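First the structure, in the form of structure tokens, and then the observations on it.
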Amino acid sequence: ADAVTIGPGSHGVDTSASTTDGVSLDPAVCDPGSFGSDQLYNDVWYSFTASANGEVEVSTCNQVSFDSRIAIYLGASGDPADAVACNDDGSGCAGFSSYLTFQAAAGVTYTVRVGGFGSGDSGTGTMDVAWLSSDVSPFSSDCDANGEPDECQTDSDSDGSIDACDADDDNDGIDDVCDIDSTGGADCDSDGQDDSCETDTDMDGSIDDCDADDDGDGIDDVCDVDSTGGADCDSDGQDDSCQTDTDMDGSIDACDADDDGDGIDDVCDIDSTGGADCDSDGQDDSCETDTDMDGSIDDCDADDDGDGIDDVCDIDSTGGADCDSDGQDDSCQTDTDSDGIIDACDPDDDGDGIDDVCDVDSTGGADCDGDGLDDSCETDTDGDGTPDDCEADDFIRGNANNDGNVDLGDGILILGYLFSGDAIPCLDAADCDDNGQVDITDAIYLFTYQFAGGAAPLAPFPACGTDPTDGDALDCLVTTCP
């Protein structure tokens, strides 16, 4: 606002008491130099109105005491966008002083800004303003009425009409409103014309020249029967020449019952259905026979008729022998003793001479004497559930070693049984207190009787006899009693 009005000539410069008023230059508009920031520090301002068109020089070269910078602005705002010239270090100028030139237009006001390179750069000196050339005519044409003479503005195609007043700045035959060079818009077909000015039949945002499907019917133009006029056997709008003919028989897959020409119609061809094909014959299982309708076709069903017998063993299929009439071929059944008779028809499966009904291997029953014969098949004279071969009824209690006498040897044997695993032929005889088990109390009981006048062993004692409390788990397999 307080810029000093100047004209051509020398003018004093004093920035020693100045602060920084203006904002930094925009380097995209006017770059003062390669060093430091884009600011002019401790600045002073001047106003210059051109009296004619011409080139004007503003210089502090070799005339100031500080590292100076100069900027020229169109108008009085000092806006970085209005900068028309700037300089940091003038070529050949001592002390990093400056000079610049700019093209002035008659009647136009320019603001001159002088400042320092850095915040510590200020001082005094002289600034010269000089016309390097001038046009004697103080006025020029201004077709766009922006206050700037037309000759100072750009005429890209040199046709005598500045760009601001030229409908086709670059004279390429495309009006600027549609010229991609001017609009900066999209140009998908690289024809120089903005896509927004070209035809888009289906209005999908892609012009026809760049749209594979002009009419937006989902079929690319090269295959759209509307465009090609070709054959369309399936009436889908797509030219048959663009559709798949897997077996190349001249009939596209959509119109061919057997697309791949493998002899299996598509409705049953696993390649088309994507269904199950358990026998890998290429045919969908849904098209093959399933006799028992169990969901598994006969070719993959081990039991075609669903009778629970696999075909390889089903007498209906094999026609072999079936001695037990169970529908299963004898060759598939077990013959444990390999005598040619399957177990189901063999009274002695394992060939050990004992019929299966009495063979403990088959019955899983008791075999007290270890002869392989189930106890239920052996003689039990007294009917007490124990075969005669496993009974020894009479014994003398305390006569553990079965020598007919109750003495020290019997107690020692009981201890040996308990602690060393010695065998006792008649466990009932070793159970001196008749509590149903042989333990240390029996040895103590016997020693107390023999050496301390304790009670005698319980019956049968001292003569042979039967166990009055029979029913415990103790046996008497060997005894000297008659």
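The values are calculated or read from the model by the stated rules, or taken from the named source; none is laboratory data. None of the values given here were measured: they were computed from a predicted structure. Using ideal geometry, Cβ is built from the backbone for each residue, glycine included, and neighbour counts are taken over all protein chains shown. The protein model used for the area step is the full one, side chains on, heavy atoms only, and it has no ligands, DNA or RNA in it. Shrake-Rupley method; radii C 1.70, N 1.55, O 1.52, S 1.80 Å.
A few remarks follow.
- Leading residue by the ranking (farthest from Ser141 (Cα to Cα)) among those in the range 163-207 that are β-branched (Val, Ile, Thr) and in a loop (DSSP other than H, G, I, E, B): Thr201
- Selection of the range 325-339 for residues being open to solvent by less than 70 Å² (accessible area, probe 1.4 Å) and either farther than 16 Å from Asp292 by Cβ or within 52 Å of the chain's Cα centre (by Cα) (or both) yields Asp326, Gln328, Asp329, Asp330, Cys332, Gln333, Asp335, Asp337.
- Beta carbons closer than 7 Å, at least 6 apart along the sequence or on distinct chains, pair a first residue in the range 265-290 that is under 17 Å from Asp247 (Cα atoms) with a second that is among the charged types (D, E, K, R) and open to solvent by 60 Å² or more (accessible area, probe 1.4 Å) for Asp269/Asp262; Gly282/Asp262.
- Residue check for Asp128: at pLDDT 90 or above, of a type in the set (D, E, K, R), in a strand (DSSP E or B) and open to solvent by 20 Å² or more (accessible area, probe 1.4 Å): yes
- Selection count where residues are within 23 Å of Val108 (Cβ to Cβ), open to solvent by less than 70 Å² (accessible area, probe 1.4 Å) and in a strand (DSSP E or B), scope the range 14-60: 12
- Single condition Val357 does not satisfy, out of (1) under 60 Å from the mean Cα position of the chain (by Cα); (2) hydrophobic (A, V, I, L, M, F, W, C); (3) surrounded by fewer than 17 Cβ atoms within 10 Å (Cβ to Cβ): (1)
- Any hit, the range 140-155, residues being modelled with pLDDT of 85 or more, exposed (fewer than 14 other Cβ atoms within 10 Å of the Cβ) and closer than 30 Å to Val108 by Cβ: yes
Residue by residue, here is whether (1) in a helix (DSSP H, G or I); (2) more than 39 Å from the chain's Cα centre (by Cα); (3) surrounded by fewer than 17 Cβ atoms within 10 Å (Cβ to Cβ); (4) among the β-branched types (Val, Ile, Thr) holds:
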| site | (1), (2), (3), (4) |
| --- | --- |
| Asp249 | no, yes, yes, no |
| Asp260 | no, no, yes, no |
| Asp271 | yes, no, yes, no |
| Asp281 | no, no, yes, no |
| Asp299 | yes, yes, yes, no |
| Asp316 | yes, yes, yes, no |
| Cys323 | no, yes, yes, no |
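- Against the test of being open to solvent by less than 60 Å² (accessible area, probe 1.4 Å), hydrophobic (A, V, I, L, M, F, W, C) and in contact with an Asp or Glu (Cβ under 7 Å, 6 or more places away or on another chain), the options Leu427, Leu415 yield a single qualifying residue, Leu427.
- Some residue of the range 441-454 being in a loop (DSSP other than H, G, I, E, B), closer than 30 Å to Gly385 by Cα and out of contact with any Gly (no Cβ under 9 Å at 6 or more places or on another chain): no
- Conditions (1) open to solvent by 70 Å² or more (accessible area, probe 1.4 Å); (2) of a type in the set (Val, Ile, Thr); (3) under 30 Å from Asp189 (Cα atoms); number of the one not met by Thr228: (1)
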